[in-house]
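What follows is a set of notes on a single structure, which appears directly below.
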Amino acid sequence: MGEVAVDPAFIQAVEHRPNLTIIQAEGIPIIDLSSLINSSSSSDDSPKSDELERLISEIGKACSDWGFFQVINHGVPLECRQRIESVSRKFFALSKEEKLKVKRDEENPLGYYDTEHTKNVRDWKEVFDFTVQNPAVIPASDEPEDEDVRKINSQWPQYPPEFREACEDYVKEMEKLSFKLLELISLSLGLPANRMNRFFEKDETSFIRLNHYPPCPISHLALGVGRHKDAGALTVLAQDDVGGLQVKRKIDGEWILVKPTPNAYIINVGDIIQVWSNDKYESVEHRVMVNSEKERFSIPFFFNPAHYTWVEPLKELINQQNPSKYKAYNWGKFFTTRKGSNFKKLDVENIQIYHFKNI
Ligand SMILES: O=C(O)CCC(=O)C(=O)O
Ligand SMILES: [Fe+2]
């Protein structure tokens with residue numbers, strides 16, 4: 001990256017280029033979790049306080065109106081976030097040669113990678129991925145009949161030396177916050193708090209991505225990440241103060257910038273919650289603009305169930321009036337098909353949940 005002659009693989013089609021006039025909107029809701037953090041678990045059967053009831057309905061409204069919200073007073077220690085932000089900066093500042101020592105390849109999908117494509121256009125970014133479980137278990141191939149699995153291991157760079165510990169400490173905090181959010185979302189759907197926990201308690205395939213978006217000389221033509229929906233259940237994102245994330249507003253399809261809020265997390269519902277909720281909560285398209293002068297860093301945590309999870313609308317949420325909108329699909333196969341397509345650079349569209357829609 002940074003070459004004078006830019007690889008045409010980065011150029012977005014005219015209709016997908018970043019808008020020059022940024023819409024200044026109210027933006028996505030900001031939700032204060034302090035009542036939850038200060039009280040006992042939301043998962044017991046004791047009557048809920050008015051405050052908790054309010055929080056649950058705020059979350060439900062944000063999920064159906066936007067599919068996105070930010071949380072503050074979330075309980076994640078600031079020092080823990082600052083440590084991972086610091087090692088991320090140090091890692092990406094290393095030479096390309098050093099970073100390539102932990103590169104992702106067809107064998108191991110974890111580690112460093114700088115040629116990711118979204119919808120067949122190259123993203124202006126470099127990333128580093130690691131999983132919560134080590135090893136994590138995923139299907140051996142994307143072939144539907146192949147039942148073999150394989151174990152994948154995170155790769156840890158030698159520099160900076162505190163890298164691995166900072167990552168492992170942070171991931172624990174992301175797990176705690178994600179379970180809290182999952183419980184609130186479950187309650188907002190009228191379900192018991194722990195209804196969805198079972199899919200994550202064993203063999204979860206969650207992972208963290210460190211994103212680095214270098215300054216871009218063609219920021220009007222390229223994107224840091226092209227428009228997409230997150231395939232997993234929930235995403236918990238830390239962005240720095242540069243800004244660039246845009247969310248497609250449901251009411252009119254306009255791209256709305258998510259203004260950075262210091263120390264907040266941006267939460268979005270992924271495809272799996274869309275299916276579990278039978279479309280009550282939709283996974284919303286988003287993308288990342290790049291900046292001609294400033295580099296940007298972000299850290300999404302993708303909260304994903306075990307690979308053998310069959311994803312389908314939750315039984316309690318369907319009935320004769322509201323029949324199931326999806327056929328069950330296997331999460332592991334869905335995920336490996338997505339990952340694999342990046343290497344094959346298929347000209348066809350990537351696998352999407354609407355391929356499993358009941359007509
Ligand atoms: O960097 C960001 O703000 C968002 C990145 C993102 O959407 C993703 O990695 O899926
Ligand atoms: Fe995303």
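How would Val71, Val137 rank on accessible area, largest to smallest, probe 1.4 Å?
Working: Val71 0, Val137 40 Å².
Ranked from most to least accessible, the order is Val137, Val71.
The GNM of the chain, with springs linking C-alpha atoms under 10 angstrom apart, assigns the highest mean-square fluctuation among Gly67, Gly27, Gly111 to Gly27. Averaged over its residues, the range 45-143 has an accessible area of 46 Å² per residue, based on protein heavy atoms and a 1.4 Å probe. Annotation: lysines with alpha-carbon distance below 18 angstrom to Lys339 (same-chain offsets under eight excluded): Lys103, Lys119, Lys125, Lys151, Lys229. If R0 equals 22 Å, the separation of the Cβ atoms of Arg89 and Lys176 corresponds to a calculated FRET efficiency of about 0.35.
Once the C-beta distance of Asn358 and Glu147 is scaled by a Förster radius of 35 Å, the resulting FRET efficiency is 0.85 to the nearest 0.05.
Our estimate of slack between Thr261 and Glu98, defined as 0.36 nm per intervening residue step minus the Cα-Cα distance, is 55.4 nm. The helix-based estimate of mean residue ellipticity at 222 nm for the chain, built from -39,500 (n - 2.57) per DSSP H run of four or more residues and divided by its residue count, is -7500 deg cm²/dmol to the nearest 500. Net length available on complete extension from Ile318 to Asn73 is 84.8 nm, with 0.36 nm assigned per residue and the Cα-Cα distance removed. Axis of helix 331-344 versus longest Cα principal axis of the chain: the two differ by about 20°, to the nearest ten degrees. Within the accessible area of the range 57-188, the carbon and sulfur atoms contribute 47%, probe 1.4 Å, all protein chains present. Take the convex hull of the alpha carbons in the range 144-214; its mean projected area over all directions comes to 8.2 nm². R0 = 45 Å: FRET efficiency of Ala9 with Lys61, Cβ-based, nearest 0.05? With a Förster radius of 45 Å, E is 0.65. With Cα atoms as the point set, the range 164-293 shows a radius of gyration and Dmax of 16.1, 50 Å.
What is the Rg over Rh value, at two decimals, for the range 100-242, using alpha-carbon atoms and the Kirkwood definition of Rh? Mind dumping the intermediate values first?
Working: Rg = 17.2 Å, Rh = 17.4 Å.
Answer for the range 100-242: 0.98.
Where Lys and Arg each count +1 and Asp and Glu each count -1, what net charge lies around Glu162 among other residues with Cβ under 11 Å from its Cβ? Walk me through the numbers before you get to the answer.
On the way: positive: Arg83, Lys90, Arg164; negative: Glu165, Glu168, Asp169.
Spelling it out: positives minus negatives among the neighbours equals 0.
In percent, what relative contact order does the chain have, based on Cα pairs under 8 Å that are 6 or more apart in sequence? After rounding, I find 21 percent. Kirkwood hydrodynamic radius of the chain, from the reciprocal of the average inverse Cα-Cα distance over all distinct pairs: 21.0 Å.
The values are calculated or read from the model by the stated rules, or taken from the named source; none is laboratory data. Predicted model, so just to flag it, every value in this text is computed and none were measured. In this analysis, Cβ positions are derived from the backbone assuming ideal geometry, glycine residues included, and neighbour counts consider all displayed protein chains. What goes into the accessible areas is simple: the full protein's heavy atoms, side chains included, and nothing from ligands, DNA or RNA. Shrake-Rupley method; radii C 1.70, N 1.55, O 1.52, S 1.80 Å.
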